[in-house]
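Working notes, beginning with the structure itself.
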Amino acid sequence: MRKNMTDKETKSDSGKIYKAKPTRGAKQQPAKAKPTEAPVREGQRIAKLLARAGVASRREIERMIGEERIALNGVTVEHPSLLLKNLTGITVDGNPVAEPAPAKLFRFHKPNGYITAERDASGKKTIYDVLPDDLERVMPIGRLDLNTEGLLLMTTDGEFKREMELPKTGVERTYRARTFGDITQNQLEELYRGITIEGMHYGPIEANLERRTGRNQWIEMTLTEGKNREVRRVLEHLGLKVSRLIRTRYGPFLLGNLAKGEIEAVRRHDLVKFRRTLK
């Protein structure tokens, strides 16, 4: 006996359903278009890989690509968006680039009177005039002004540098400023509310008045943003004249008794432990 079936379908013994052929005049449903799959991005941008390998910062690498200094298998790389799985076949100024080694971090005591840059068109002295000639290539994490001294972290890893410089990272920096003028601890404590100067807003700053001699005093300030000339601008806004500015701490890393111009490697264990706190 035939089983009852609808006039639109029949069913085999296997349970598979077969659609009936459309009858004349029947309204057809439009076929659903298959969703277009986005192309799979393989690899990472060449600028990111080269920064990770310590060649230079991403911005510097983009400039080098524009100067046709970077090639892949002998062919000049034309754009920093090129995706690569590794650095095989990549050369910079004709020299092969090795795969990145584990990141290294150094504490450097930047002296006063040097700019935080690799070169300066006006001829100013840079931190690289102070660093040892046999030191592997290192890049500064953030900057210190020409007349600011103290702790400057240096790394071999461009990606770690970029991670540290992102505003969202929020790593604390501590400075000591020698100032001249009149100020009270109550005024300094108001800085924890944040302050806006000429349209630029600065977030909470912990500030403490240290020893005072007449109208000269040392002030310790801890902040997380590190905007351009932040400490100087805030103190000058309060009517103080800054005669010396020293960064003494960046995250858990201290300037300590490191002499001016000296650079010292951070233990890998301490670097790994610190990087875990950033995630």
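The values are calculated or read from the model by the stated rules, or taken from the named source; none is laboratory data. Note that the structure is predicted; figures quoted are calculated from it, not measured. FYI the Cβ positions are ideal-geometry reconstructions off the backbone, even for glycines, and counts take in every protein chain you see. Note: accessible area is taken over every heavy atom of the protein model, side chains too, but ligands, DNA and RNA are not part of it. Shrake-Rupley method; radii C 1.70, N 1.55, O 1.52, S 1.80 Å.
Carbon-plus-sulfur fraction of the accessible area of the stretch 176-226, 1.4 Å probe, in percent?
C and S atoms contribute 44 percent here.
Counting only protein heavy atoms and using a 1.4 Å probe, what share of the accessible area of the stretch 64-145 belongs to carbon plus sulfur, as a whole percent?
On the stretch 64-145, the fraction of accessible area on carbon and sulfur atoms equals 49 percent.
For the pair Lys241 and Asn95, how long in nm is the line joining their label points, each one 7 Å along Cα→Cβ?
4.7 nm
Please report the net charge: other residues with Cβ closer than 9 Å to the Cβ of Arg249, K and R +1, D and E -1.
Cβ neighbours under 9 Å give a net charge of +1.
Give the accessible area for Leu82 in Å² (nearest 10); use a 1.4 Å probe, count only protein heavy atoms, and leave out ligands, DNA and RNA.
Accessible area, nearest 10 Å²: 60 Å².
Sort Lys241, Lys125, Lys48 by heavy-atom solvent-accessible area, probe 1.4 angstrom, most to least.
Listed by decreasing accessible area, they come as Lys241, Lys125, Lys48.
Could you tell me which of the pairs Lys104/Lys273; Lys85/Lys227; Lys48/Lys168; Lys227/Lys273 are separated by over 23 angstrom between their Cα atoms in the structure shown?
Lys85/Lys227; Lys227/Lys273
Averaged over every viewing direction, what's the projected area of the C-alpha convex hull for the stretch 147-279? Give it in nm², one decimal, please.
Computing the convex hull of the Cα atoms and averaging its projections yields 9.1 nm².
P(r) for the stretch 98-173: what percent of alpha-carbon pairs falls in each 10 Å bin, starting at zero?
Computed distribution, short to long bins: 17, 49, 30, 4.
Could you size up the charge dipole of the stretch 213-279 around its Cα centre, putting +1 on the beta carbon of Lys and Arg and -1 on that of Asp and Glu, and report it in debye to the nearest 20?
200 debye
Please compute the per residue accessible area over the stretch 226-279 with all protein chains in place, 1.4 Å probe, rounded to a whole number of Å².
Here the residues of the stretch 226-279 average 62 Å² of exposed surface.
What does the convex hull of the Cα atoms of the stretch 187-265 come to per residue, in Å³, rounded to a whole number?
Normalising the Cα hull of the stretch 187-265 by residue number yields 125 Å³.
Quick check: net charge around Val130, other residues with Cβ under 13 Å of its Cβ, Lys/Arg +1 and Asp/Glu -1?
Residues near Val130 contribute -1 overall.
Give me the accessible area per residue for the stretch 116-208, probe 1.4 Å, as a whole number in Å².
53 Å²
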